[in-house]
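A.B. asks: Take a look at this one; I'll ask things after.
The values are calculated or read from the model by the stated rules, or taken from the named source; none is laboratory data. As the structure is a prediction and not an experimental result, all values here were calculated from the model. Note: ideal-geometry Cβ built from the backbone for every residue, glycine included; neighbour counts use all protein chains shown. Note: areas computed on protein heavy atoms with side chains; ligands, DNA, RNA excluded. Shrake-Rupley method; radii C 1.70, N 1.55, O 1.52, S 1.80 Å.
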Amino acid sequence: MPGHFDSFFEKYYSISPQPSRVPFTLRRGDRLLLIGDSITETNRHSRMLETYLAVCMPELEVEVRNIGKGGETAEGFLKRIEAECLNYQPTAATICYGMNDAGYLDNNRTGADAFRAASEKIVAMLKEAGVRNVLASPGCIGRLPAWEFVRELKGTLDGINTSLLYMRNEAATIATSGRLPFVDHFWNLYRARLTAAEKYGSEYAVCGADDGVHPSWAGHTVMAFGLFSALGFDGDLGNFTIDLENKTAATTGEHDFKAEADNAYAFVSKRYPFCAEGQLDKDWFIRSGMTLVPFNQRFNRMTLKVTGSTAARYCVAWTNAQNMLDEWHIYTSAELEAGINLADDFQRTPFSNNFQRIDDLVFQKQNVESAITWRETNAQWTEASLGAYEAERVRLLNQIKRAFVPVAHNIRIEAIV
């Protein structure tokens, strides 16, 4: 939480409805649809979610489809819910509207009424089709977008955020009455804005430097954090316990110990950490967003514990199977005995290259899904085109599965004398 709050937060946060937590569990083989506007379509937090499922929870074999559509409202989605949602036979869905429903107007209660009515219909239709739903609120904006139509509407930052807060509160009410998991993107992003301003200065743009509406990578990391929480992710990606005295190791969570040689402990892993590199004070990096919410502590825990220490301090390197050194850190024996989070401490990991290949494939797949969603705007589109794009989507799905392979890596521990 930030150390101070602005007048908007102090005025509204305490009176915002807070739904109780509703448990949710993704099931093996779920078909998960990501429903929303351009903030969903822009494959950032949606891409983080799919990549996380592919490498951190591969045993679930969840198939993700992003059907976000830029400029869309909840009411607009109802016009395509049969042909571009239920036809995919989803078993689970995340729903996130409200930004466009607010209309970039100040204090838009009329828009909130329309948003509530349309959202209730969406939830009801999906529920009737047997879909398990997670409902998300819209986010906030960080500054007034410089779009001409917004200037003509003469809205203010606090006024538009008040309208978005109305949408948020309606979504929270629907989640409460329907006993749905709820993602509070509005207050999560608002708090992150205040935290970031304290940590990194006023130029840091959680909600996006271009328009203040479409979040930066840091903002999308905050959104992913909220989604992962609502989806019930555990975040325990496995443990490595190294016994220095006996030169052996034990593991949990799809990791196998192979051998020790020259203070390097060799493992093969069938689960990856979520890999992210970059400057901590720049909003265009996922790694920076991880400093605004406890992402690594909650959802990216790959723990190393060391027993049998004889020195006060140790140098720890996490390398590939060829012992190529990318990064190392120094720890006390007490820190290692208590346990360190490798995924949090190491930006560059032995998994990074494989992770990037899979993330790139997810990016390509979600771009294909976006092209399918926007097909009515393509004058050259035919039924044959749809078949070709769906075939390309399946090809990329299979490539993602094939790209996920076990990773051999070493943890080298050297005493500092």
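A.B. asks: How do the peptides 12-22, 398-408 rank, highest first, by the average count of neighbouring beta carbon atoms within 10 Å per residue? Before the final figure, lay out each step's value.
C.D. replies: Working: 12-22: 12.8, 398-408: 15.7.
Averaged packing, sorted descending, gives the order 398-408, 12-22.
A.B. asks: Amide H of residue 277: which non-local residues (sequence gap of 5 or more, or other chain) have their own amide H closer than 5 Å, using H built in the peptide plane?
C.D. replies: 287
A.B. asks: In the chain, what percentage of the DSSP-assigned beta bridges are antiparallel, given to the nearest 5? Let's see the in-between values first.
C.D. replies: Values: 32 of 54 bridges.
Antiparallel: roughly 60 percent of the beta bridges in the chain.
A.B. asks: To check my understanding: the extent here is largest minus smallest coordinate of the Cα atoms along each principal axis. What are those three numbers for region 331-417, in Å, largest first?
C.D. replies: The Cα atoms of region 331-417 stretch 70, 22, 17 Å along their principal axes.
A.B. asks: Based on the Cα gyration tensor of region 1-79, what are the three equivalent ellipsoid semi-axes, each the root of five times an eigenvalue, rounded to whole Å and given largest first? Could you put the intermediate results ahead of the total?
C.D. replies: On the way: eigenvalues 173, 77, 40 Å².
The three semi-axes for region 1-79 are 29, 20, 14 Å.
A.B. asks: Any idea what angle helix 45-56 forms with the longest principal axis of the chain, computed on alpha-carbon atoms, 0 to 90 degrees, nearest 10?
C.D. replies: 30
A.B. asks: Could you tell me the largest-minus-smallest coordinate of the C-alpha atoms of region 218-279 on each of the three principal axes, in descending order and whole angstroms?
C.D. replies: Its Cα atoms span 44, 29, 19 Å along the three principal axes.
A.B. asks: Using just the Cα positions, wrap region 103-176 in a convex hull and report its mean projected area in square nanometres, one decimal place. Could you put the intermediate results ahead of the total?
C.D. replies: Details: hull surface 21.3 nm².
For region 103-176, averaging the hull's shadow over all directions gives 5.3 nm².
A.B. asks: Amide H neighbours of residue 132 under 5 Å, at least 5 residues apart or on other chains, H built in the peptide plane: list them.
C.D. replies: When sequence neighbours closer than 5 places are left aside, the close amide H contacts are 92, 93.
A.B. asks: Pairs 258/305; 154/199; 282/401; 69/121: which exceed 22 Å Cα-Cα?
C.D. replies: Numbers: 258/305 17 Å; 154/199 31 Å; 282/401 32 Å; 69/121 18 Å.
Checking Cα-Cα distances, 154/199; 282/401 exceed 22 Å.
A.B. asks: On the full set of protein chains, 1.4 Å probe, figure out the accessible area of residue 127 and give it in Å² to the nearest 10.
C.D. replies: 140
A.B. asks: Another one. Starting from the Cα of residue 11, draw a straight line to each of the aspartates and glutamates and keep only those under 13 Å, dropping any in the same chain fewer than 8 residues away.
C.D. replies: Within reach: 158.
A.B. asks: Hey, what do the phi angles of region 192-203 turn into as Karplus ³J(HN,Hα) couplings, whole Hz, using 6.51/-1.76/1.60 and θ = phi - 60°, x for Gly and Pro?
C.D. replies: So the J values, rounded to whole Hz, are 4, 4, 5, 4, 5, 4, 5, 7, 10, x, 6, 7.
A.B. asks: Could you work out how far helix 109-128 tilts from the main Cα principal axis of the chain, as a 0 to 90 degree angle to the nearest 10?
C.D. replies: That works out to roughly 60 degrees.
A.B. asks: Here is a follow-up. Here are some values of Cα extents along the principal axes in Å: (1) 63, 63, 41; (2) 69, 55, 37; (3) 79, 45, 43. Which one was computed from this structure?
C.D. replies: Answer by label: (2).
A.B. asks: Test of the criteria: in region 66-154, which chymotrypsin sites (Phe, Trp or Tyr not before Pro) are in a DSSP loop and have at most 16 other Cβ atoms within 10 angstrom of their Cβ?
C.D. replies: Listed in order of number, the matching sites are 147.
A.B. asks: Related question: Using only the Cα atoms of region 131-218, what do you get for the radius of gyration and for Dmax, in Å?
C.D. replies: Every Cα atom of region 131-218 included, Rg and Dmax give 14.4, 43 Å.
A.B. asks: Students often get this wrong: which residues of region 178-198 have the backbone nitrogen under 20 Å from the point 7 angstrom along Cα-to-C-beta of residue 153?
C.D. replies: It comes to 185-187, 189-190, nothing else.
A.B. asks: Between the helical axis of 157-178 and the dominant principal axis of the chain, each derived from Cα atoms, what acute angle in degrees is found, rounded to the nearest 10?
C.D. replies: 80
A.B. asks: Counting only protein heavy atoms, what percent of the accessible surface of the chain is carbon or sulfur at a 1.4 Å probe? Present the calculation step by step, with values, prior to reporting the outcome.
C.D. replies: Values: 8960 of 17900 Å².
Within the chain, the accessible surface is 50 percent carbon and sulfur.
A.B. asks: Using only the alpha carbons, work out the radius of gyration and Dmax of region 174-263 in angstrom.
C.D. replies: Gyration radius and largest Cα-Cα distance of region 174-263: 20.7, 60 Å.
A.B. asks: With springs only between Cα atoms under 10 Å, which of 206, 394, 368 fluctuates most in a Gaussian network model of the chain?
C.D. replies: 394
A.B. asks: Restricting to Cα pairs below 8 Å that are 6+ residues apart, what does the relative contact order work out to for the chain? Please round to a whole percent. List each step's numbers first, then the result.
C.D. replies: Details: 830 pairs, mean separation 67.5, N = 417.
Dividing the mean separation by the residue count of the chain yields 16 percent.
A.B. asks: Lys/Arg Cβ at +1, Asp/Glu Cβ at -1, dipole of region 288-417 taken about the Cα centre: which of 373, 404, 328 is farthest positive-ward?
C.D. replies: Comparing the listed Cα positions along the dipole, 404 ranks first.
A.B. asks: Sticking with this structure for a sec: May I ask you to give the solvent-accessible area per residue for the chain, in square angstrom, as obtained with a 1.4 angstrom probe? Don't skip to the end; give the middle numbers.
C.D. replies: Values: 17900 Å² over 417 residues.
Value for the chain: 43 Å² per residue.
A.B. asks: Taking all protein chains together and a probe of 1.4 Å, list 255, 214 from the most accessible to the least accessible.
C.D. replies: Details: 255 5, 214 60 Å².
Per-residue accessible area, sorted high to low, gives 214, 255.
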